[in-house]
1. Arrange 146, 119, 87 by Cβ neighbour counts within 10 Å, fewest through most, would you?
2. Using the number of other C-beta atoms within 10 angstrom as an exposure proxy, rank 109, 20, 145 with the fewest first.
3. Which whole-number percent of Cα pairs in the chain have a distance greater than 25 Å?
4. Under the rule a/c < 1.5 gives rounded, and otherwise a/b versus b/c splits prolate from oblate, where does the stretch 102-167 land using the Cα gyration tensor?
Amino acid sequence: MANYDFKPDLRDGQQGQNVMKFFLESYFGFKYLGQGYTSAFDLRMRDEAEKRTLLYEIKTDLYEKDYATGTGNLVLEYECRGKRSGIQKSKADYYIWYLPLLDRDQIWMASLDTLLFCIGRKRWKVQPIGEYSARMGEKSGLAYMIPRYDDKTFFEVFSTDNRGNFWPS
């Protein structure tokens, strides 16, 4: 998100979830079962070929606008306002970061197990994120900063032409 305002960020996140729902349906052939509307997951999909239900956490990032001026990071939240959040609360099998303003490599997907493996190996630096909290005297959250291209091997990466076509990057 890039608004730092809950309602517009929620709207942008829901739009990103709709695009990723379409991606999972059209690219992988998964069946949509519903949305989570909780901190546990965003999308519930069914992989009929494997006879299993998968949960997805979708992160829509409108901050990354181009490769020259962007941070190059994926943000993985784990604490907000002093409480467990993000990956510490998620029940998702997979995380998907959707970066719609980039011209390529807009979709980054990793399993929860892979993310936890990397966290356990202390691969990523921790950084304060979110709005400034006067009560706390600092930013309200903490997140892992994942350098996209340094750690690309841990992700499945896809590009889209934003007309419903997707391909591996």
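1. Values: 146 24, 119 16, 87 19.
If I rank by nearby Cβ atoms, fewest first, I get 119, 87, 146.
2. Listing 109, 20, 145 from fewest to most nearby Cβ atoms yields 145, 109, 20.
3. Numbers: 4206 of 14196 pairs.
Cα-Cα pairs of the chain separated by over 25 Å account for 30 percent.
4. Details: a/c = 3.10, a/b = 1.56, b/c = 1.99.
Oblate shape, in that a/c is at least 1.5 and b/c is the bigger or equal ratio.
Readers should treat all values here as calculations from the given coordinates under stated rules, not as data from a laboratory. The shown structure was predicted, so the numbers you read here are calculated from the model rather than taken from an experiment. In this analysis, Cβ positions are derived from the backbone assuming ideal geometry, glycine residues included, and neighbour counts consider all displayed protein chains.
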